[in-house]
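Report on one structure; see the data block that follows.
The values are calculated or read from the model by the stated rules, or taken from the named source; none is laboratory data. Source: prediction; values computed, not measured. A quick note on method: Cβ atoms are made from the backbone with ideal geometry, for glycine too, and the neighbour counts reach across all protein chains shown. These accessible areas exclude ligands, DNA and RNA; they are computed on the full protein's heavy atoms, side chains included. Shrake-Rupley method; radii C 1.70, N 1.55, O 1.52, S 1.80 Å.
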Amino acid sequence: MSLQTGPLQSTWVEANQRYLLTAVGNIRQMLEQAVAQVTSDTPPTNATIESTHQTAESWQLESPPMLETLCRQLKLSTFERQILLLCAGAELSPAFGPLCAALHGNPQHTYPTFGLAIALFSDISWAAVTPDAPLRHWQLVEILPGAELTHSPLRIDEHILHRLMGLLNLDARLRGLVQPPLNPAEVLPLPESQQQAADYIAQIGLTFHPTSSIFQLVGGDGPTKQAIAMAAAQQQGLSLHLIQAEALPRDSDQLKRLRCLWERESILSQSALLLDCDYLPADAAQHQAMVAHIVEQSQRPLIIASGDRLPKHRRPLRTIELSPPTPQEQHQLWHNHLGDTATHLNGYIDQLVTYFNLSAPAIQSVCHQVKGLSETPNSKLQTPNSDLPALLWQICRSQSKPLLGDLAQPVISTTTWKDLVLPDAESQLLQTIAAHARQRSIVYNRWGFAQRGQRGLGISALFSGASGTGKTLAAEILANELNLDLYKIDLSRVVSKYIGETEKNLRQIFDHAETGGAILLFDEADALFGKRSEVKDARDRYANMEVAYLLQRIEAYRGLAILTTNLKDSLDQAFLRRLRFVVQFPFPDAAQRERIWRGSFPPATPTDELNFKTLAKLNLAGGNIRNIVLNAAFLAADAGESIDMSHLLKAVQSEYIKLERPLTELREKDFETSNAAQKALL
């Protein structure tokens, strides 16, 4: 190892290394005097040994040398300090090996031992060699295999040696698991409502006592929880490291070693720990056990970030429930990050705040993306009539896409109002739903309706009608019209036979969807929102609780929730009363069916003498008609022909077989075209 030397006080690192080498030199003098005593039988005087001891003050360092800082932080006695220096000298000075061998009386034993330290130093204490004493508890020295405790070789921990030399890097054994200290400059200023959480943590104090409370930040997004933890740590004069809970070792011995190494690092670097449990599987017992070990045994400042409350522990957890910034705070965040650009958006920020419930880091990310694009050469955003509002909207949609996993599937829609055939009254009602969604910002915020209470500010609608009458199509049109994401909820994964699991799945859906104002489509909702039954057993009681819970979440949801059902009468009446809109999708009459037939063929589709008035006589819903048209298109394409009535006949027959209905409305000759008749004559 290269040791730096140079003019006194050239740098702290160099001066610190000289201080350490001098302290090691003092130990070497003690060894030399002890060897001299063995060879000459002349005992050294205590005054001679003590006169070699150096003090930190005599060096006048800008900050204390690391040796003294480490001894103070880890509470090492004078005897323990000397043992540490003895082991450091064995690594730094080639003279230590022969001296140790001479004192051991064996040329092969070129290493320090506890027995050698007891014989060499004054103020000895047997307690210093026990497992609970600092040297072994903090793993400052390693006991190599040997015959007895006092005769086993000792080696200084490599990271401790580096730290004594002034190299203050993170322990290599913690890298990849413990993230380096979070940079305060990269942490956003917190909105007032979230700054209060940081102030609360700092006010109570991130104390070091083993019986002190641990703080638990529940809800919110990961960057926000990191910012709150960082703000609290800064107020306490601490840096902040982060560990992902799912990366904790599963072996109990490895976990204990990791905890010890981290706590040592925390003391030496004056750091707090943020244990991120956001991605910890809730049903993973082994992971929960690892987190429980950290919670129960940690003796250093600890903050836990989690989506849900952790199970109860013997050690108290101070839980702080986090909420997104208030609408007013979100307004201010947008203005802060967009600067003068915000004043030219003509109130468009109101729309963003109404639809997208973004956190402070998410708003910053959106604004940084917009600024990056605007600074691109020849960017359209540099022109006065730019597409900035549309770009902001699209980036917000991308930023806030909910993480619903297997509980829902995104639905991509390009359909428009002309694709939906309904009576005027029902069409107008759907247009009203779209108007409610578009004008939420004005009515709720500018006109003050939101100030009367947050309940019922979401938009809920029930689409009822027979299968194929356009319920799902209408939801797709609304999503396309409002430029919002549409998610179809998979009820087979939401509804669980296990008590409490259905509510947990529903909560996950609504919590994640809140961020981006996504449209939630509960297809065939009567399976989930049926009438509450008389309580005859425990299952009935919990089934009723599921419906009651959903009623509450539907009312509180800020976005648009759409439920579809073929059986309106099977829904709970209390549930129906709390829906803002109920749209009945009637079975189409002949005129409407003709419009559906005509609109089902894209402009690029080749057709040949299709008789739409005849086709409209088929008593079919729009969904069945679209199935027939698509089937006929494949038949015609396979035959290398344009779609004509013969292809439609085959497709109709196939659809009626699927419906288990006889084809009685038309006969085969009704599907004949003039071309088909000519072919028959030939």
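When I201 is tested against (1) in contact with a Phe, Trp or Tyr (Cβ under 6 Å, 6 or more places away or on another chain); (2) surrounded by fewer than 16 Cβ atoms within 10 Å (Cβ to Cβ), exactly one condition is not met: (2). Within the stretch 73-88, if we keep just the residues that are more than 47 Å from the chain's Cα centre (by Cα) and more than 14 Å from E142 (Cα to Cα), the residue that is surrounded by the fewest Cβ atoms within 10 Å (Cβ to Cβ) turns out to be T78.
Within the stretch 352-363, does at least one residue satisfy the condition of being open to solvent by 20 Å² or more (accessible area, probe 1.4 Å), in contact with a strand residue (DSSP E or B) (Cβ under 8 Å, 6 or more places away or on another chain) and modelled with pLDDT of 85 or more? Within the stretch 352-363, not a single residue is open to solvent by 20 Å² or more (accessible area, probe 1.4 Å), in contact with a strand residue (DSSP E or B) (Cβ under 8 Å, 6 or more places away or on another chain) and modelled with pLDDT of 85 or more.
Within the stretch 100-137, the residues that satisfy the criterion of being open to solvent by less than 60 Å² (accessible area, probe 1.4 Å), in a helix (DSSP H, G or I) and within 15 Å of E148 (Cβ to Cβ) are H104, F114, G115, L116, A117, I118, V129.
The residue that is farthest from T326 (Cα to Cα), counting only those in the stretch 514-540 that are at pLDDT 80 or above and not in a loop (DSSP other than H, G, I, E, B), is F522. Only residues that are in a helix (DSSP H, G or I) and over 18 Å from F575 (Cβ atoms) were counted in the stretch 442-482, giving 20. Where helices (runs of 4 or more DSSP H) sit wholly within the stretch 270-371, those with at least 3 residues that are in contact (Cβ under 8 Å) with a residue 12 or more places away in the chain and out of contact with any helix residue (DSSP H, G or I) (no Cβ under 7 Å at 6 or more places or on another chain) occupy 285-297. Considering S654, S646, the condition of being of a type in the set (S, T, Y) and surrounded by fewer than 18 Cβ atoms within 10 Å (Cβ to Cβ) is satisfied by S654 alone. Report yes if some residue within the stretch 235-242 is assigned to a helix (DSSP H, G or I), under 21 Å from the mean Cα position of the chain (by Cα) and within 30 Å of I363 (Cβ to Cβ); otherwise report no. No, the stretch 235-242 has no match at all.
Of all the criteria given as (1) open to solvent by less than 20 Å² (accessible area, probe 1.4 Å); (2) under 27 Å from S323 (Cα atoms); (3) free of Cβ contacts under 8 Å to residues at least 40 places away in the same chain, the one not satisfied by L255 is (2). Counting only helices (runs of 4 or more DSSP H) wholly contained in the stretch 595-669, the ones carrying 1 or more residues that are within 20 Å of V421 (Cβ to Cβ) and touching a residue at least 40 places away in the same chain (Cβ under 8 Å) occupy 612-615, 622-639. When the residues of the stretch 555-609 are filtered to those that are more than 45 Å from the chain's Cα centre (by Cα) and basic (K, R), the one that is least open to solvent (accessible area, probe 1.4 Å) is R593. Of all residues in the stretch 419-441, those satisfying the criterion of being part of a helix (DSSP H, G or I) and either in contact (Cβ under 8 Å) with a residue 40 or more places away in the chain or basic (K, R) (or both) are D419, E426, L429, L430, T432, I433, A434, H436, A437, R438, R440, S441.
Within the stretch 113-168, the residues that satisfy the criterion of being over 14 Å from A90 (Cα atoms) and among the hydroxyl-bearing types (S, T, Y) are S122, S125, T130, T150, S152.
Please find, within the stretch 377-398, the residue that is modelled with the lowest pLDDT out of those that are open to solvent by less than 60 Å² (accessible area, probe 1.4 Å) and more than 24 Å from T515 (Cα to Cα). Across the stretch 377-398, the extreme among qualifying residues is L381.
Taken together, D490, D485, D511 contain a single residue that is out of contact with any Phe, Trp or Tyr (no Cβ under 9 Å at 6 or more places or on another chain) and modelled with pLDDT of 90 or more, which is D485. In the stretch 154-178, the residues that are open to solvent by 30 Å² or more (accessible area, probe 1.4 Å) form Cβ pairs under 6 Å with partners that are among the charged types (D, E, K, R), at six or more places apart or across chains, as follows: R155/E142. For the stretch 399-450: of the residues being among the basic types (K, R) and within 35 Å of the chain's Cα centre (by Cα), which is surrounded by the fewest Cβ atoms within 10 Å (Cβ to Cβ)? Looking at residues that are among the basic types (K, R) and within 35 Å of the chain's Cα centre (by Cα), I get R446.
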